[in-house]
Amino acid sequence: QVQLVESGGGLVQAGGSLRLSCAASGNTFSINAMGWWRQASGKEREPVALMFIDGASTIYADSVKGRFTISRDNAKNTGYLQMNSLKPEDTAVYYCLIRSEALLDYWGQGTQVTVSS
C-alpha cells in the first residue's frame, strides 16, 4: 500500500517553468516504476513521463521531449517532474503514478497546471 501526495501545480505564463513533486509514503518497497500522467479538460488521461526504477531509464511523450524531466530523490521518497518551456497545450491536471512490481498502480490526487498565453 502506497500513498502519494502531489504538489507544485499552479498558474504560469507560456515559456515558464514549474516543478511538480510527488511524495510517497507507506510501503515504498518493490516499486517497479514511477511516472506522471495528465488529463486535460474533456480529454483522456495520457502518459507524460515514466521512469523505470531498476534500470533508471526514462520514457517521455513526444509532446514533452526536451522540455520535461522526470527525476527522483530516493532519500526523500519523492519524485519530481521538472517542466520547462511550458505551452498552453500543457494545461491539465497532472497525476503522479507508482507501479509496484506486482503491477499494482497507485495514483496521487492530481495537481492543476495552467499555462496562460
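The values are calculated or read from the model by the stated rules, or taken from the named source; none is laboratory data. Nothing here was measured: the structure is a model prediction, and the numbers come from that model. We place every Cβ from the backbone using ideal geometry, glycine too, and count neighbours over all the protein chains shown. Calculation scope for accessible area: heavy atoms of the full protein, side chains included, ligands and nucleic acids excluded. Shrake-Rupley method; radii C 1.70, N 1.55, O 1.52, S 1.80 Å.
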Solvent exposure ordering (accessible area, 1.4 Å, most first) of 18, 103, 50 | 103, 50, 18
May I ask what percent, to the nearest 5, of DSSP beta bridges between residues of the range 9-115 are antiparallel?
-> 90
What are the residues whose amide H is under 5 Å from the amide H of residue 16, where those residues sit 5 or more places off or on another chain and H is modelled from the backbone?
-> 86
Net charge, residue 51 excluded, C-beta distance under 14 Å - Lys, Arg +1, Asp, Glu -1 | 0
